Each structure stands twice: as C-alpha cells, then as structure tokens.
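Quick notes on the structure that follows.
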C-alpha cells in the first residue's frame, strides 16, 4: 500500500511541475526581440530607407514602431492578434504584405514569431532611447557548412595523433569556465547486440540479435551534468572579427532561453542535465567541440550498448539479477528515489553508485541517455555490422537508452539491450507554438552522455552527426 501511495505522490508532483511549465517567463526585449527585428525588419524599416522600401513605416525607433499602419496598429501592447507587425509575419508566402517578403533570404522563424506574440501580450516593453540597427543573420544551410568547416579546422589544428593502445582516461575543462568533464577510453571490439528471446523483461524490438563491430572511442565517465549544460544554455557569444574563423566558431547554435526551470526543482550542479531535445543534445556536442578542439557527438545505439555491456552478455553489466534489491543497490530507479518524508522523487547526483566494469557511472538508471540513432526495427544480418548508425528521417522517434528513475518507465528498461524512443508526448505541455526545438517539458527522465571517437571524421560526417535535420515537430506518418 505504501508503495502505491508513493507512486501516486510522484504522479501528483509531476502534475504540479507540468502545471508550472505552462506559465511563460517574461520576454527580454534586448536579448530576444531586438535581434528578431534587427535581423528581419529594420533593414528596410528604418530612417532613410522606410519610404523607399518599407512603405514609410519605421521599426528602428520605439515611437515610430508603435504607430499605426495602413491596416491598423503596428504594435498594440497586450494584443498580438491586433498588431499588424505580428499579423504580417504570419501571412501566406504569396501575400504582398508578408514581412519580411518572400524575396528576402532572411526569414523570421516560427519560434521567433511566437516570441514576438508573447512579448506583445506581455505589454511590449521597449527600453526608452534604444534605437535598432539592421544586422545580417547567419543563414541556416550554407552557413552551417562554414561553421562546421571552422570547427573541423580547429580540431585538426589541435589534434594529437594517438593509437588505440595509447588511449587514456582524461579530464578536461570547458574553455573560460571552471567546469571539468571526464572521458573514459573504450577499446574497439565485436559483440552481440540485442537480447536473447528468453531474457526476462525483453521487448520484441531488441531482436533479432546480430554481431556488431565498433571502433574505439572515449565515452563520458558520467552523464552530462547541469554544471556543463548550463554553460551551453546561457552562453554569451564572444565578439570576433566578422567572417573570421573565430567568428564562425561562435556561430554554433545555442538554445533559446527556457520558459521554465528545466530541472523542475530536482537539482542542478552535478545532477544530470535533462529535458534537452535530440537537436539540443547534438548542438551541445558541436558547441563543446568548438570550445575544446576535440570532436564530440552522441553515441550510436551500438556504441552505447557495447559500452553498457562492458564485455558482458547478461541482462545487466553485473549479471542477470534484476530483482528489486539488486536494482536498488546498483541503480537509481523508481523504487529508491522516492523519499516518503520530503515527498520528493528525483534523479540523483552522478557518480554516487559503483560504475560498470569499464568505469562508466549510472549507465543503468538515473536518467535515460540519447543516442545518435533514429528508431528502427533491427534487421537480420549474416554479416558483422561495422559501426552501424540509423540516421533519423523524422522528428520522432529517436532512440534513448539506459532507463531512468521515472515512475512511468518499467524497471526492465534498465537492461543493457532495452530501448525506448521519443514521441510528441515528450513536449505535450510545451506552451509554445510551434513547440520548442530545444526543450522537452514532459521528459524529465531524459539526459545525455558524450562520445569522442578515436578517428576524426570528415567535415561532411561532422555536419551529419551534429544536424539531425528534423528538429521541428511535424505530423508522424
């Protein structure tokens, strides 16, 4: 009875956290709205240019930006639907009043339109005396090539050749921070991926088993922590000479500011970072690569299982024992993270339990971990698969591994072969329209772990690893 009461309280707390997620934060004009207007609007709608190309309307000065236009009030504080600035951003592409017009290479994004709407609804605060100036935006696509090229050049310039036998554990500090992270060498090898038909708790998607060969890599000793991820979430880009290599390094995409506290009160610091989308996890890897000069990415599903098994063939890296007592001693799971006195259910700080045989902490439980792969059924193979990777072609599903503390995740998902996959429900209570490409409001169990392959990939491969290309939500077939 006490156990079920604990589950009920966990679900209740989850509901309260979800309710808190619905309340949007205050939009910062200077950090969030000013760049949107300067990138998309002020080039035409400013002093000296407005009459010729902007229909006489100026957006560089507050008093003029709030004035009426031909079709109504440009910015009506408290009413985004009554504001033509917002309305003109949402018009069909063939409408002559669309702003910016479809002939412009720089286009306002759906997320930016939503931010403008929220800013207007919150009163359209604009600091007195602030005049906007036109700026050129980095355009997605061709410019990503330049960003990857700059990161690749830095990695190659700082790379020190080593062999598999020479791989050592290392600790490295993120540049310009006091935050360290640690990596553990994983020697290459061949293993049987998936679970046998008789394994307790097995799901059908864990087979058929097949032989897989993986190349050597380093893997994060711990799950990525908030200490590390916050440096990315709140990163302030440095100034550099435009179009220089340093300038392009600074153009790696970083998250928009979160609408709510994304740890949901469970703790930051050395607790595992959670709620990042697959896109955000990839971009963290790219950002860290640009900062450190080492190439990082998410592990493939094969690499993750190979490292989790650590040379074993049982259900867990310690054996087949999956009883509650063993799991409570070796993992953070739904049965041992609930405190009946404080009524708290939460993940735990990384590294507090014993590691697996290859020195990886919390590989089973605590939080689930993103892999690079899109979700797909396994296929029978008579050949040994070498470094397999299934690149996702849709926003959902992508594969996550390791299970977690979360009450809604079965304990069987803590096994080495167990798979889970993302769904639109992981953003169900996101208050934004469209849904954020950076945050998961309903996946408080989802985290990540780094991988650094021994062999440095090409620029083209790096781009593919860091850009899943399906970050925006679309209907699933």
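The values are calculated or read from the model by the stated rules, or taken from the named source; none is laboratory data. The structure displayed is predicted, hence computed values, not measured ones. For neighbour counting, all protein chains shown are included, and Cβ atoms are generated from backbone atoms with ideal geometry for every residue, glycine included.
Would you confirm, using the coordinates I've provided, whether residue 98 is in contact with a helix residue (DSSP H, G or I) (Cβ under 9 Å, 6 or more places away or on another chain) and at pLDDT 90 or above?
Considered against the rule, which asks whether it is in contact with a helix residue (DSSP H, G or I) (Cβ under 9 Å, 6 or more places away or on another chain) and at pLDDT 90 or above, residue 98 comes out as no.
Can residue 290 be described as within 18 Å of the chain's Cα centre (by Cα), in contact (Cβ under 8 Å) with a residue 12 or more places away in the chain and under 25 Å from residue 170 (Cβ atoms)? Don't jump to the end; show me each part of the working.
Values: within 18 Å of the chain's Cα centre (by Cα): yes; in contact (Cβ under 8 Å) with a residue 12 or more places away in the chain: yes; under 25 Å from residue 170 (Cβ atoms): yes.
For residue 290, the condition - within 18 Å of the chain's Cα centre (by Cα), in contact (Cβ under 8 Å) with a residue 12 or more places away in the chain and under 25 Å from residue 170 (Cβ atoms) - is met.
Listed here are the residues, each with its yes/no results for (1) farther than 29 Å from residue 48 by Cα; (2) surrounded by fewer than 14 Cβ atoms within 10 Å (Cβ to Cβ); (3) at pLDDT 90 or above.
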{"residue": "78", "(1), (2), (3)": "yes, yes, yes"}
{"residue": "89", "(1), (2), (3)": "no, no, no"}
{"residue": "120", "(1), (2), (3)": "no, no, yes"}
{"residue": "139", "(1), (2), (3)": "no, yes, no"}
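Go over the candidates 309, 297 one by one and state the one that is in contact with a strand residue (DSSP E or B) (Cβ under 7 Å, 6 or more places away or on another chain) and farther than 29 Å from residue 425 by Cα.
On the way: 297 fails: farther than 29 Å from residue 425 by Cα.
Exactly one of 309, 297 is in contact with a strand residue (DSSP E or B) (Cβ under 7 Å, 6 or more places away or on another chain) and farther than 29 Å from residue 425 by Cα, namely 309.
Residue under question is residue 314, and the condition is that it be outside any helix (DSSP H, G or I) and over 18 Å from the mean Cα position of the chain (by Cα); does it hold? Can you show your working first?
Working: outside any helix (DSSP H, G or I): yes; over 18 Å from the mean Cα position of the chain (by Cα): yes.
So residue 314 passes the test.
Among the residues of region 425-450, which ones are more than 15 Å from the chain's Cα centre (by Cα) and under 19 Å from residue 400 (Cα atoms)?
Those that are more than 15 Å from the chain's Cα centre (by Cα) and under 19 Å from residue 400 (Cα atoms): 425, 428.
Right, residue 252: within 23 Å of residue 457 (Cα to Cα), assigned by TED's automatic domain parsing to the domain that holds residue 365, touching a helix residue (DSSP H, G or I) at 6+ places or on another chain (Cβ under 7 Å) and in a loop (DSSP other than H, G, I, E, B) or not? Walk me through how you get there before you give the answer.
Details: within 23 Å of residue 457 (Cα to Cα): yes; assigned by TED's automatic domain parsing to the domain that holds residue 365: yes; touching a helix residue (DSSP H, G or I) at 6+ places or on another chain (Cβ under 7 Å): yes; in a loop (DSSP other than H, G, I, E, B): yes.
Against the criterion (within 23 Å of residue 457 (Cα to Cα), assigned by TED's automatic domain parsing to the domain that holds residue 365, touching a helix residue (DSSP H, G or I) at 6+ places or on another chain (Cβ under 7 Å) and in a loop (DSSP other than H, G, I, E, B)), residue 252 qualifies.
Would you confirm, using the coordinates I've provided, whether residue 194 is within 28 Å of residue 385 (Cα to Cα) and touching a strand residue (DSSP E or B) at 6+ places or on another chain (Cβ under 7 Å)? Can you show your working first?
Numbers: within 28 Å of residue 385 (Cα to Cα): yes; touching a strand residue (DSSP E or B) at 6+ places or on another chain (Cβ under 7 Å): yes.
Taking the combined requirement at face value, the residue satisfies it.
Give me a count of the residues in region 325-336 that are in contact (Cβ under 8 Å) with a residue 60 or more places away in the chain and either touching a strand residue (DSSP E or B) at 6+ places or on another chain (Cβ under 7 Å) or outside any loop (DSSP other than H, G, I, E, B) (or both). Break it down stepwise before answering.
First, pick out the residues of region 325-336 that are in contact (Cβ under 8 Å) with a residue 60 or more places away in the chain: 327, 331-335.
Narrowing further to those that are either touching a strand residue (DSSP E or B) at 6+ places or on another chain (Cβ under 7 Å) or outside any loop (DSSP other than H, G, I, E, B) (or both): 327.
Within region 325-336, residues that are in contact (Cβ under 8 Å) with a residue 60 or more places away in the chain and either touching a strand residue (DSSP E or B) at 6+ places or on another chain (Cβ under 7 Å) or outside any loop (DSSP other than H, G, I, E, B) (or both) number 1.
Scan region 366-391 residue by residue and report those that are in a loop (DSSP other than H, G, I, E, B) and under 26 Å from residue 466 (Cα atoms). Don't jump to the end; show me each part of the working.
Start the filter on region 366-391 by keeping residues that are in a loop (DSSP other than H, G, I, E, B), which leaves 366-367, 375-384, 387-391.
Across region 366-391, the qualifying residues are 366, 367, 375, 376, 377, 378, 379, 387, 388, 389, 390, 391.
For the subset of region 337-355 comprising residues that are in a loop (DSSP other than H, G, I, E, B) and at pLDDT below 95, which member is surrounded by the fewest Cβ atoms within 10 Å (Cβ to Cβ)? It would help to see each step written out before you state the result.
In the first step, residues of region 337-355 are kept if they are in a loop (DSSP other than H, G, I, E, B); the result is 337, 340-343, 346-355.
Still in the list and also at pLDDT below 95: 337, 340-343, 346.
Numbers: 337: 23, 340: 10, 341: 5, 342: 8, 343: 12, 346: 19.
Looking at residues that are in a loop (DSSP other than H, G, I, E, B) and at pLDDT below 95, I get 341.
Among the residues of region 48-68, which ones are assigned to a loop (DSSP other than H, G, I, E, B), modelled with pLDDT under 80 and farther than 15 Å from residue 87 by Cβ?
Residues of region 48-68 that are assigned to a loop (DSSP other than H, G, I, E, B), as a first pass: 48-49, 54-61, 66-67.
Adding the requirement that they be modelled with pLDDT under 80 leaves 48-49, 54-56, 67.
Result: 48, 49, 54, 56, 67.
Between a residue in region 171-195 that is on the phi > 0 side of the Ramachandran plot and surrounded by 14 or more Cβ atoms within 10 Å (Cβ to Cβ) and any residue that is in a strand (DSSP E or B) and modelled with pLDDT of 95 or more, which pairs come within a Cβ distance under 8 Å, given they are 6 or more apart or on different chains?
Here the result reads 194/210, each pair linking region 171-195 to a residue that is in a strand (DSSP E or B) and modelled with pLDDT of 95 or more.
Please pick out the residue among 135, 160 that is in contact (Cβ under 8 Å) with a residue 12 or more places away in the chain and over 26 Å from the mean Cα position of the chain (by Cα).
Details: 160 fails: in contact (Cβ under 8 Å) with a residue 12 or more places away in the chain.
Every option except 135 fails the conditions.
Hey, can you tell me all the residues within region 245-268 that are touching a strand residue (DSSP E or B) at 6+ places or on another chain (Cβ under 9 Å) and closer than 13 Å to residue 287 by Cα?
Applying the first criterion (touching a strand residue (DSSP E or B) at 6+ places or on another chain (Cβ under 9 Å)) to region 245-268 yields 255-256, 258-260, 262, 265-266, 268.
Passing the criteria: only 255.
Are there strands (runs of 3 or more DSSP E) fully within region 392-477 with at least 1 residues that are surrounded by fewer than 20 Cβ atoms within 10 Å (Cβ to Cβ), in contact with a strand residue (DSSP E or B) (Cβ under 7 Å, 6 or more places away or on another chain) and assigned by TED's automatic domain parsing to the domain that holds residue 280? List them.
Numbers: elements: 398-401, 419-421, 451-453.
So the answer is 419-421.
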